[in-house]
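Visitor: Please see the structure below; I have some questions.
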Amino acid sequence: MSDAALLNVVLWLPVAGMLAIAALPKGADDAVRWLAFAVMVAQLLATAALYGRFDPAVAGLQFETRVPWIPDWGVHYQIGLDGYNVLLVMLTAFLGPLVVAGAFSAIRQDVKLFHAMVFLIQFAMLGTFVAQDLFVFYVFWETMLIPMFVIIGVWGGERRIYATLKFVLYTAFGSILMLAAVIYLVWALYQASGEVSFAFADLYRVALPVDVQALLLAAFALSFAIKVPMVPLHTWLPDAHVEAPTAGSVILAGVLLKMGTYGFMKLGFPLFPEATRLAIPLVMALSVVSIVYGACLALVQTDIKKIIAYSSISHLGYVMLGLASLDLLGIQGAVIQMVSHGLTAAGLFLMVGMIYERCHTRDLAAYGGLAKALPVYSVFFMILTLASVGLPTTSGFTGEFLVLAGAFRSSWLAFQAGGSGFNLAMASLAVAGVVLGALYMLWFAQRFLFGAAKVPHAPVPDLNLREKLVLAAIVAAVFALGLYPAPAMEKTELAAKEYQRLVAGAPAAKQARAEGSAR
């Protein structure tokens, strides 16, 4: 099988999984669970094979498929892997089996429907990452709404209907404006070249006046910023996390939020470079507000799910800061931070679900002394907490350090060149998020694991083998990315340089001038 065909298999395996579980008889819940797990493992193995074959020395798309879909509209089914998406595709495939395994005991009603929705959202998220045609991207982007609406609405908490409606309304509002911008962008390409195309590579070439770029960037940015989410568009996230079942929270924090940051990196900023350069101070300011404000909100929560939900806002602020830095280290750090947050947040939400199954409460005040009662659980929890804080040797440190180093370097160079120093001030303020992150997470761990024993419904059993294996896989990935990030960074380096060239233009221009001077 060719690598391009294998990528199609990876993308469409969840659809095959949906059809397979639909054929199972009613009431065969265990068979549904194991079949879903087997399909997800097969997808992970196929994705790992592609990841191993991905050549970091080759720029542009690899394993590409491009066939006409709606020829009269210039729409092609075009998918492929590049340095922008290869780590995110691997993250999505890695978390798939863990989501299914984590839900083995948690989901007891409508088991077939639940796993069908997990397959559908896996398909939509992977499609969003691998799509290289804006029409295809938009279809996958919108498809994601359906399964997440059902997952929260059917298996969520008491206020699940409110949470799902809020999530859908926020997302749909941003998507409508993005659709209008997409139509205008394709029309502009047609006016300039006579060609109708939705391909990313063609749309990057469209030259637009700065005022038009600003309007289109605002439309794209609103849709992507809602998904990240960035302050002040973040209010849907805590409600969605609190009401979602554990699997929904893992999908949401682990992968779905990265669709917003990926959208900025792959489309929003590169399509409108001049407007982006003008908006960089605003993007950096909103990123720092998200970092600090999210951390402050996490510090005052009493619901353990809300603490992790608000921490996500803070951590993804670092991703946006790295992308706005337009520095090679900052951009690569942003990608590493996406993957790191996907791992740590997914692990922490899984652990919240595990303790909720045993104690049936998310109130932080109800817990204490778990370190003695549940020692294995507590060890895993502390590892993921310290990774979230950014302890050296963990993936959290790698991502945050690279982002801050890139933001400082680019801001300092701009300041030395006569800039205002605003970006440098924003980069300095972002460091406060590191301190606040350590504060709220260690405060959370201290109250949750230590102190007087207050475990509800004691005695509570420690982790079983299934739960240990799920968490061990996440912890292994956290340390692998923290101790040896070089292979991952090699796979993203050329894409980060292309992002610099498309958005900033400056590195390529400076290099050309330097080569001319040398000659």
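The values are calculated or read from the model by the stated rules, or taken from the named source; none is laboratory data. Predicted model only: the values in this text are computed from it and were never measured. Here the Cβ is made from the backbone with ideal geometry for all residues, glycine too, and neighbour counts use every protein chain on show. The accessibility values were calculated without ligands, DNA or RNA, using every heavy atom of the protein model including side chains. Shrake-Rupley method; radii C 1.70, N 1.55, O 1.52, S 1.80 Å.
Visitor: Quick one: grab the alpha carbon gyration tensor of segment 3-518, order the square roots of its eigenvalues as a ≥ b ≥ c, and give me rounded if a/c is under 1.5, else prolate or oblate depending on whether a/b is larger than b/c. Please list the in-between numbers first.
Guide: Details: a/c = 1.76, a/b = 1.29, b/c = 1.37.
Cα axes put segment 3-518 in the oblate bin.
Visitor: Could you tell me how many degrees, from 0 to 90 and to the nearest 10, lie between the Cα long axis of helix 375-389 and the main elongation axis, the longest principal axis, of the Cα atoms of the chain?
Guide: Its long axis makes an angle of about 20 degrees.
Visitor: Given labels modelled 7 Å from the Cα in the Cβ direction, how far is it in nm from ILE183 to ALA59?
Guide: Here the answer is 3.6 nm between the modelled labels.
Visitor: Can you tell me the 0 to 90 degree angle between the C-alpha axis of helix 145-155 and the longest principal axis of the chain, rounded to 10?
Guide: Result, in degrees: 10.
Visitor: Please list the non-local residues whose amide H lies under 5 Å from the amide H of VAL75, H modeled 1.01 Å from N, same-chain partners needing a gap of 5 or more.
Guide: It is TRP69, ILE70, by chain and number.
Visitor: OK, next. Quick check: net charge around ILE21, other residues with Cβ under 10 Å of its Cβ, Lys/Arg +1 and Asp/Glu -1?
Guide: +2
Visitor: Return the FRET efficiency for the residue pair LYS26, GLN416: r is the Cβ-Cβ distance, R0 is 56 Å, and the value is rounded to the nearest 0.05.
Guide: Details: r = 69 Å, r/R0 = 1.24.
Given R0 = 56 Å and the Cβ-Cβ separation, E is 0.20.
Visitor: OK, next. Near LYS166, which aspartates and glutamates are there with a Cα under 19 Å away, not counting those fewer than 8 places off in the same chain?
Guide: Once the sequence-local aspartates and glutamates are set aside, what remains near LYS166 is GLU142, GLU158, ASP239, GLU243.
Visitor: Once you order the gyration tensor axes a ≥ b ≥ c over the Cα atoms, which shape class does segment 371-491 get: rounded for a/c under 1.5, otherwise prolate or oblate by comparing a/b with b/c?
Guide: oblate
Visitor: Out of the total accessible area of the chain (probe 1.4 Å, heavy atoms of protein only), what percent is carbon and sulfur? Numbers along the way, then the final one.
Guide: Working: 13200 of 19280 Å².
Taking all protein chains in place, the chain shows 68 percent carbon and sulfur surface.
Visitor: As I understand it, the value is the acute angle between the Cα axis of helix 160-193 and the longest principal axis of the Cα atoms of the chain; what does it come to in degrees, rounded to 10?
Guide: On a 0 to 90 degree scale, this one is about 20.
Visitor: How do the peptides 380-389, 11-20, 286-295 rank, highest first, by the average count of neighbouring beta carbon atoms within 10 Å per residue?
Guide: Top to bottom by mean Cβ count within 10 Å: 286-295, 380-389, 11-20.
Visitor: Okay, next question. Strictly over 20 Å apart at the Cα level, which of LYS227/LYS497; LYS266/LYS305; LYS258/LYS491 would you flag in this model? Let's see the in-between values first.
Guide: Numbers: LYS227/LYS497 25 Å; LYS266/LYS305 30 Å; LYS258/LYS491 18 Å.
Distance filter (> 20 Å) returns LYS227/LYS497; LYS266/LYS305.
Visitor: Please list the non-local residues whose amide H lies under 5 Å from the amide H of ALA199, H modeled 1.01 Å from N, same-chain partners needing a gap of 5 or more.
Guide: Long-range HN contacts for ALA199: LEU134.
Visitor: Shape call for segment 373-441 from the C-alpha gyration tensor, a ≥ b ≥ c root eigenvalues: rounded (a/c under 1.5), prolate (a/b greater than b/c) or oblate?
Guide: Note, shape of segment 373-441 comes out prolate.
Visitor: Within 10 Å, count the other beta carbons around each residue, average over each peptide in 190-201, 38-49, and list them highest first.
Guide: 38-49, 190-201
Visitor: Rank by packing, highest mean first: peptides 70-82, 88-100, with packing defined as the count of other Cβ atoms within 10 Å averaged across residues.
Guide: 88-100, 70-82
Visitor: Additional query: Any idea how far apart ALA106 and TYR484 come out in nm if each label point goes 7 Å out from Cα toward Cβ?
Guide: The two pseudo-label positions are separated by 3.1 nm.
Visitor: Additional query: At 1.4 Å probe radius, can you tell me the per residue accessible area of the chain in Å²?
Guide: Using a 1.4 Å probe on heavy atoms only, each residue of the chain averages 37 Å².
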